Amino acid sequence: MHKDKKAAHAGINTAEIRAAATNVSDGAVTAGYKAERKEVIALLNGALATELVCILRYKRHYYTATGLQNSPIKAEFLLNAQEEQHHADLLAERIVQLNGHPDLNPATLTARSHAEYDDSKDIQAMIKANLIAERVAIESYRQMIEMLGDTDPTTRQMLIGIMAEEEEHADEMRDLLA
Ligand SMILES: [Fe+2]
Ligand SMILES: [Fe+2]
(Lines give C-alpha, C1' and ligand atoms only; values in the text may rest on other atoms or scores of the structure.)
(Ligands and ions follow the chains in the order given, each with its own letter.)
Protein backbone atom coordinates (compact mmCIF):
# COMPACT_ATOMS: atom_id res chain seq x y z
CA MET A 1 0.00 0.00 0.00
CA HIS A 2 2.70 2.44 1.03
CA LYS A 3 4.71 1.49 -2.01
CA ASP A 4 1.86 2.43 -4.43
CA LYS A 5 1.33 5.76 -2.74
CA LYS A 6 5.03 6.52 -3.02
CA ALA A 7 5.05 5.63 -6.74
CA ALA A 8 2.17 8.00 -7.46
CA HIS A 9 4.01 10.84 -5.73
CA ALA A 10 7.20 10.11 -7.61
CA GLY A 11 5.47 10.26 -11.01
CA ILE A 12 5.25 13.25 -13.34
CA ASN A 13 1.87 15.00 -13.46
CA THR A 14 1.54 15.62 -17.19
CA ALA A 15 -1.71 17.59 -16.97
CA GLU A 16 -0.22 19.96 -14.40
CA ILE A 17 2.96 20.44 -16.40
CA ARG A 18 1.00 21.09 -19.63
CA ALA A 19 -1.24 23.65 -17.94
CA ALA A 20 1.74 25.56 -16.51
CA ALA A 21 3.54 25.43 -19.88
CA THR A 22 0.94 27.65 -21.56
CA ASN A 23 2.64 30.83 -20.23
CA VAL A 24 4.51 31.02 -23.54
CA SER A 25 5.96 34.52 -23.03
CA ASP A 26 8.17 33.11 -20.25
CA GLY A 27 10.08 31.14 -22.91
CA ALA A 28 12.53 28.76 -21.25
CA VAL A 29 11.61 29.80 -17.68
CA THR A 30 8.98 27.43 -16.30
CA ALA A 31 6.88 27.40 -13.12
CA GLY A 32 9.28 25.17 -11.19
CA TYR A 33 12.37 27.34 -11.79
CA LYS A 34 13.86 27.37 -8.31
CA ALA A 35 16.55 30.07 -8.38
CA GLU A 36 16.09 33.79 -7.72
CA ARG A 37 15.94 34.67 -11.40
CA LYS A 38 16.91 38.35 -11.05
CA GLU A 39 19.83 37.51 -8.77
CA VAL A 40 21.08 34.89 -11.22
CA ILE A 41 20.84 37.42 -14.07
CA ALA A 42 22.83 39.95 -11.99
CA LEU A 43 25.52 37.31 -11.29
CA LEU A 44 25.68 36.38 -14.96
CA ASN A 45 25.97 40.04 -15.98
CA GLY A 46 28.95 40.40 -13.62
CA ALA A 47 30.55 37.37 -15.24
CA LEU A 48 29.74 38.76 -18.71
CA ALA A 49 31.47 42.06 -17.89
CA THR A 50 34.48 40.08 -16.62
CA GLU A 51 34.69 38.02 -19.82
CA LEU A 52 34.45 41.15 -22.00
CA VAL A 53 37.31 42.80 -20.09
CA CYS A 54 39.32 39.56 -20.38
CA ILE A 55 38.81 39.56 -24.17
CA LEU A 56 40.10 43.15 -24.38
CA ARG A 57 43.10 42.42 -22.14
CA TYR A 58 44.15 39.33 -24.11
CA LYS A 59 43.63 41.16 -27.43
CA ARG A 60 45.71 44.09 -26.23
CA HIS A 61 48.48 41.68 -25.22
CA TYR A 62 48.20 39.76 -28.48
CA TYR A 63 48.58 42.89 -30.61
CA THR A 64 51.36 44.52 -28.61
CA ALA A 65 53.61 41.59 -27.63
CA THR A 66 56.78 41.69 -29.71
CA GLY A 67 59.75 39.44 -30.41
CA LEU A 68 59.95 36.36 -32.60
CA GLN A 69 60.65 34.18 -29.56
CA ASN A 70 57.31 35.30 -28.12
CA SER A 71 55.22 34.02 -31.06
CA PRO A 72 53.87 30.98 -29.16
CA ILE A 73 52.87 33.24 -26.24
CA LYS A 74 51.12 35.63 -28.63
CA ALA A 75 49.23 32.69 -30.11
CA GLU A 76 48.15 31.66 -26.61
CA PHE A 77 46.89 35.18 -25.89
CA LEU A 78 44.82 35.12 -29.10
CA LEU A 79 43.39 31.67 -28.37
CA ASN A 80 42.42 32.71 -24.86
CA ALA A 81 40.74 35.88 -26.20
CA GLN A 82 38.66 33.64 -28.46
CA GLU A 83 37.76 31.33 -25.57
CA GLU A 84 36.76 34.30 -23.39
CA GLN A 85 34.56 35.44 -26.30
CA HIS A 86 32.87 32.04 -26.28
CA HIS A 87 32.29 32.36 -22.52
CA ALA A 88 30.76 35.83 -23.05
CA ASP A 89 28.47 34.40 -25.74
CA LEU A 90 27.32 31.57 -23.44
CA LEU A 91 26.61 34.00 -20.59
CA ALA A 92 24.71 36.51 -22.75
CA GLU A 93 22.65 33.71 -24.25
CA ARG A 94 21.77 32.30 -20.83
CA ILE A 95 20.77 35.77 -19.56
CA VAL A 96 18.32 36.06 -22.47
CA GLN A 97 17.00 32.54 -21.80
CA LEU A 98 16.26 33.68 -18.25
CA ASN A 99 14.33 36.68 -19.64
CA GLY A 100 17.04 39.12 -18.60
CA HIS A 101 19.01 41.78 -20.46
CA PRO A 102 22.71 41.19 -21.15
CA ASP A 103 24.64 44.33 -20.18
CA LEU A 104 27.30 45.12 -22.78
CA ASN A 105 27.50 48.82 -21.97
CA PRO A 106 31.18 49.78 -22.49
CA ALA A 107 30.81 52.87 -20.27
CA THR A 108 30.44 50.76 -17.11
CA LEU A 109 32.36 47.66 -18.15
CA THR A 110 35.53 47.94 -16.06
CA ALA A 111 33.59 48.93 -12.92
CA ARG A 112 31.36 45.85 -13.28
CA SER A 113 34.14 43.39 -14.15
CA HIS A 114 35.71 41.25 -11.44
CA ALA A 115 39.03 41.01 -13.28
CA GLU A 116 41.11 43.98 -14.38
CA TYR A 117 42.25 45.30 -17.74
CA ASP A 118 46.02 45.50 -18.28
CA ASP A 119 48.20 47.28 -20.82
CA SER A 120 51.65 46.20 -19.68
CA LYS A 121 54.39 46.43 -22.28
CA ASP A 122 56.62 43.71 -20.88
CA ILE A 123 55.60 40.16 -21.83
CA GLN A 124 56.20 38.72 -18.36
CA ALA A 125 54.07 41.49 -16.83
CA MET A 126 51.33 40.58 -19.33
CA ILE A 127 51.48 36.91 -18.36
CA LYS A 128 51.34 37.78 -14.67
CA ALA A 129 48.34 40.11 -15.17
CA ASN A 130 46.55 37.35 -17.07
CA LEU A 131 47.31 34.76 -14.41
CA ILE A 132 45.91 37.05 -11.71
CA ALA A 133 42.79 37.78 -13.80
CA GLU A 134 42.24 34.05 -14.42
CA ARG A 135 42.53 33.37 -10.69
CA VAL A 136 39.97 36.10 -10.03
CA ALA A 137 37.66 34.54 -12.65
CA ILE A 138 38.06 31.03 -11.19
CA GLU A 139 37.23 32.22 -7.69
CA SER A 140 34.21 34.28 -8.80
CA TYR A 141 32.82 31.35 -10.82
CA ARG A 142 33.37 29.05 -7.85
CA GLN A 143 31.38 31.40 -5.61
CA MET A 144 28.58 31.70 -8.18
CA ILE A 145 28.35 27.90 -8.46
CA GLU A 146 28.17 27.63 -4.68
CA MET A 147 25.47 30.30 -4.49
CA LEU A 148 23.35 28.56 -7.13
CA GLY A 149 23.54 25.17 -5.48
CA ASP A 150 21.08 22.94 -7.33
CA THR A 151 18.48 25.69 -7.91
CA ASP A 152 19.35 26.15 -11.61
CA PRO A 153 21.13 23.08 -13.02
CA THR A 154 21.52 24.50 -16.55
CA THR A 155 23.27 27.66 -15.38
CA ARG A 156 25.31 25.65 -12.90
CA GLN A 157 26.51 23.24 -15.60
CA MET A 158 27.44 26.13 -17.89
CA LEU A 159 29.39 27.90 -15.13
CA ILE A 160 31.26 24.69 -14.25
CA GLY A 161 32.27 24.29 -17.90
CA ILE A 162 33.50 27.89 -18.09
CA MET A 163 35.37 27.59 -14.78
CA ALA A 164 37.18 24.47 -16.02
CA GLU A 165 38.50 26.48 -19.00
CA GLU A 166 39.58 29.34 -16.73
CA GLU A 167 41.55 26.78 -14.71
CA GLU A 168 43.24 25.65 -17.94
CA HIS A 169 44.04 29.29 -18.78
CA ALA A 170 45.53 29.88 -15.32
CA ASP A 171 47.65 26.75 -15.64
CA GLU A 172 48.91 27.80 -19.09
CA MET A 173 49.79 31.28 -17.85
CA ARG A 174 51.70 29.82 -14.90
CA ASP A 175 53.65 27.59 -17.30
CA LEU A 176 54.62 30.71 -19.28
CA LEU A 177 55.92 32.61 -16.24
CA ALA A 178 59.69 32.90 -16.33
FE1 LIG B 1 36.40 33.21 -19.59
FE1 LIG C 1 40.20 32.68 -19.00
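The values are calculated or read from the model by the stated rules, or taken from the named source; none is laboratory data. Since we're looking at a predicted model, the values are computed, not measured. No Cβ is skipped: glycine too gets one built from the backbone with ideal geometry, and neighbour counts run over all protein chains shown. For accessibility, only protein heavy atoms count, side chains too; no ligands or nucleic acids. Shrake-Rupley method; radii C 1.70, N 1.55, O 1.52, S 1.80 Å.
Accessible area per residue, 1.4 Å probe, Å², for segment 36-176: what's the number?
52 Å²
Top to bottom by accessible area (1.4 Å), largest first, where do His114, His169, His101 land? Spell out each step's value before the answer.
Numbers: His114 85, His169 0, His101 150 Å².
From most accessible down to least: His101, His114, His169.
With +1 on each Lys and Arg Cβ and -1 on each Asp and Glu Cβ, how big is the dipole of the chain about its Cα centre, in debye rounded to the nearest 20?
Roughly 500 debye, rounded to the nearest 20.
Give me the angle, in degrees from 0 to 90, between the Cα long axis of helix 153-176 and the longest principal axis of the Cα atoms of the chain, rounded to the nearest 10.
For 153-176 against the chain, the angle is about 20 degrees.
Given a 1.4 Å probe and the protein chains all in place, what does the accessible area of Asp119 round to, in Å² to the nearest 10?
80 Å²
Ordering Val53, Val136 by how much accessible area each has at a 1.4 Å probe, largest first, what is the list?
On the way: Val53 5, Val136 50 Å².
Listed by decreasing accessible area, they come as Val136, Val53.
Based on DSSP H runs of at least 4 residues, each adding -39500 (n - 2.57), what is the mean residue ellipticity at 222 nm of the chain after dividing by all its residues, to the nearest 500 deg cm²/dmol?
So the helix-based figure for the chain works out to -23500 deg cm²/dmol.
How much solvent-accessible surface does Arg135 expose, in Å² to the nearest 10, with a 1.4 Å probe and all protein chains in place?
Its accessible surface works out to 150 Å², give or take rounding.
With angles folded into 0 to 90 degrees, how steeply does helix 71-97 sit against the dominant principal axis of the chain? Use alpha carbons for both and round to 10.
Between the helix axis and the principal axis of the chain, the angle is about 30 degrees.
Rounded to a whole number, what % of the accessible area of the chain do carbon and sulfur atoms account for, probe 1.4 Å?
55 percent
Can you give the Kirkwood hydrodynamic radius for segment 49-102, in Å, rounded to one decimal and based on Cα pairs?
Over segment 49-102, the inverse of the mean reciprocal pair distance is 12.0 Å.
Find the relative contact order for the chain and round it to a whole percent, using C-alpha pairs within less than 8 Å whose residues are 6+ positions apart.
Dividing the mean separation by the residue count of the chain yields 26 percent.
Which value, in Å² and to the nearest 10, is the accessible area of Tyr117 when all protein chains are kept and the probe is 1.4 Å?
Near enough 100 Å² of accessible area.
In whole Å, largest first, what are the principal axis extents of the Cα atoms in the chain?
Principal extents (Cα only, largest first): 76, 37, 22 Å.
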